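Note sheet for the following structure.
The values are calculated or read from the model by the stated rules, or taken from the named source; none is laboratory data. Predicted, not measured: the structure shown is a model, and the values here were computed from it. Glycine also receives a Cβ, built like all others from the backbone with ideal geometry; neighbour counts cover every protein chain displayed. The protein model used for the area step is the full one, side chains on, heavy atoms only, and it has no ligands, DNA or RNA in it. Shrake-Rupley method; radii C 1.70, N 1.55, O 1.52, S 1.80 Å.
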Amino acid sequence: TLDLLPIIFIMHRYVFKMLANANDNVKLMFVCSPGNPTAKAIPLADIEKLAKSSYQGIIVVDEAYVDFSAQGSAADLVNKYPNVVVLQTLSKAFGLAGIRLGFCIGPPDIIQLMNNVKAPYNVNSLTSEVAMNAMKNIDTLDKNVKGLLVERDVVAGQLNALDFVTKVYASDSNFLLFRVKSKAQEMYKMMADRGVVTRYRGNELHCDECIRVTIGKKEENEQFLVELKKAWAELGDDKA
């Protein structure tokens, strides 16, 4: 059986630093691409270098947000390297979080091992039907993703124009991570109380005073921007 601990989580820019710290006890290495909350995809060339390295464990590429990235999937690496596994989900771009369905792309021996330990009939027929219908409508998916990416650029531009926003991070996902001068947590709470739910990320490494916002419909994004400005006006630097 696989020793599942310790598990190494890799962030953008830290791939090879983490690899250098991997030892014989590390059986799984998770690469989140695009990352959360970083929103950045790990270059496929870097993932391939991991696969080619002396590391003997399994490299699991978590691609929950891959449909929003111009880089594309690491799935092709599965055919080249026996230690690469790719995870994807229908919860994000497909908008089917309610059916709780994801899938794994990997070498036959790893897939067989997963089949050996999974619960029997773990995907019901209704979930399967919804998933198959979704897979038959990729044109709709592509149209929705394209529209969302346009909105992402609009929101990023609006955030960059605000004097209290000090940084808007580049995104390969369906959300934006941005930093404000101060009071990020208070702003997050105020917006939530007013019906606009974002995510406070100030407790994450290197994410001081950061908020993460998921891109929605045009009117939802506009409402977010309105409430963000109102929150800063009431809570900003010069307020007691």
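Answer yes if at least one residue in the stretch 59-74 is β-branched (V, I, T), at pLDDT below 90, open to solvent by less than 30 Å² (accessible area, probe 1.4 Å) and more than 11 Å from the chain's Cα centre (by Cα), and no otherwise. Don't jump to the end; show me each part of the working.
Initial filter on the stretch 59-74 (β-branched (V, I, T)): 59-61, 66.
Within this subset, residues satisfying the condition of being at pLDDT below 90 are none.
The answer is no; no qualifying residue exists.
Can you find a residue that is among the acidic types (D, E), touching a helix residue (DSSP H, G or I) at 6+ places or on another chain (Cβ under 9 Å) and either at positive phi or not in a helix (DSSP H, G or I) (or both) anywhere in the stretch 75-98?
So the first thing to find is which residues in the stretch 75-98 are among the acidic types (D, E), and the list is 76.
With touching a helix residue (DSSP H, G or I) at 6+ places or on another chain (Cβ under 9 Å) added as a condition, the list becomes 76.
If we keep only those that are either at positive phi or not in a helix (DSSP H, G or I) (or both) too, we end up with none.
Within the stretch 75-98, not a single residue is among the acidic types (D, E), touching a helix residue (DSSP H, G or I) at 6+ places or on another chain (Cβ under 9 Å) and either at positive phi or not in a helix (DSSP H, G or I) (or both).
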*Return the total of residues in the stretch 139-149 being open to solvent by 40 Å² or more (accessible area, probe 1.4 Å) and farther than 19 Å from I99 by Cβ.*
5
*Name the pairs whose Cβ atoms lie under 6 Å apart, with the first residue in the stretch 227-238 and free of Cβ contacts under 8 Å to residues at least 60 places away in the same chain, the second in a helix (DSSP H, G or I) and of a type outside the set (G, A, S), and 6 or more positions between them or separate chains?*
E227/M191; A231/M187; A231/M190; A231/M191; L235/E186; L235/M187
*Those residues that are open to solvent by less than 40 Å² (accessible area, probe 1.4 Å) and either touching a strand residue (DSSP E or B) at 6+ places or on another chain (Cβ under 8 Å) or among the aliphatic types (A, V, I, L, M) (or both), I need them from the stretch 105-138; list them, please.*
G106, P107, I110, A131, A134
_Can you say whether Q56 is at pLDDT 95 or above and surrounded by fewer than 20 Cβ atoms within 10 Å (Cβ to Cβ), as far as the supplied structure shows?_
no
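Please find, within the stretch 17-39, the residue that is modelled with the lowest pLDDT out of those that are within 18 Å of L205 (Cα to Cα) and either open to solvent by 60 Å² or more (accessible area, probe 1.4 Å) or of a type in the set (S, T, N, Q) (or both). Walk me through how you get there before you give the answer.
Residues of the stretch 17-39 within 18 Å of L205 (Cα to Cα): 17-18, 30-39.
Add one more test, that the residue is either open to solvent by 60 Å² or more (accessible area, probe 1.4 Å) or of a type in the set (S, T, N, Q) (or both), and what stays is 17, 33, 36, 38.
Values: K17: 75, S33: 93, N36: 91, T38: 88.
Among those that are within 18 Å of L205 (Cα to Cα) and either open to solvent by 60 Å² or more (accessible area, probe 1.4 Å) or of a type in the set (S, T, N, Q) (or both), it is K17.
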*asked:* Suppose we keep only residues that are hydrophobic (A, V, I, L, M, F, W, C) and either assigned to a helix (DSSP H, G or I) or without any contact (Cβ under 8 Å) to a residue 60 or more places away in the chain (or both) within the stretch 157-168. Which one would you say is surrounded by the fewest Cβ atoms within 10 Å (Cβ to Cβ)?
replied: A161
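Results for (1) among the aromatic types (F, W, Y); (2) part of a helix (DSSP H, G or I); (3) out of contact with any Phe, Trp or Tyr (no Cβ under 6 Å at 6 or more places or on another chain), shown as yes or no for each residue.
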{"residue": "T140", "(1), (2), (3)": "no, yes, yes"}
{"residue": "K143", "(1), (2), (3)": "no, yes, yes"}
{"residue": "K146", "(1), (2), (3)": "no, yes, yes"}
{"residue": "V155", "(1), (2), (3)": "no, yes, yes"}
{"residue": "A170", "(1), (2), (3)": "no, no, yes"}
{"residue": "S173", "(1), (2), (3)": "no, no, no"}
{"residue": "M187", "(1), (2), (3)": "no, yes, yes"}
{"residue": "A192", "(1), (2), (3)": "no, yes, yes"}
{"residue": "G195", "(1), (2), (3)": "no, no, yes"}
*Checking R152 against (1) at pLDDT 95 or above; (2) farther than 26 Å from A134 by Cβ; (3) open to solvent by less than 60 Å² (accessible area, probe 1.4 Å); (4) under 23 Å from the mean Cα position of the chain (by Cα), the condition it does not meet*: (2)
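Can you spot a residue in the stretch 13-33 that is outside any loop (DSSP other than H, G, I, E, B), of a type in the set (V, I, T) and within 30 Å of E209 (Cα to Cα)?
So the first thing to find is which residues in the stretch 13-33 are outside any loop (DSSP other than H, G, I, E, B), and the list is 15-20, 28-32.
When the remaining residues are screened for being of a type in the set (V, I, T), the result is 15, 31.
With within 30 Å of E209 (Cα to Cα) added as a condition, the list becomes 15, 31.
Yes, the stretch 13-33 contains a residue that is outside any loop (DSSP other than H, G, I, E, B), of a type in the set (V, I, T) and within 30 Å of E209 (Cα to Cα).
Counting just the residues of the stretch 193-205 that are open to solvent by 40 Å² or more (accessible area, probe 1.4 Å) and among the aliphatic types (A, V, I, L, M), which one comes out modelled with the lowest pLDDT?
Applying the first criterion (open to solvent by 40 Å² or more (accessible area, probe 1.4 Å)) to the stretch 193-205 yields 193-195, 197, 199-201, 203-205.
Those still in the list that are among the aliphatic types (A, V, I, L, M) too: 197, 205.
Working: V197: 97, L205: 84.
Checked the stretch 193-205; the qualifying residue modelled with the lowest pLDDT is L205.
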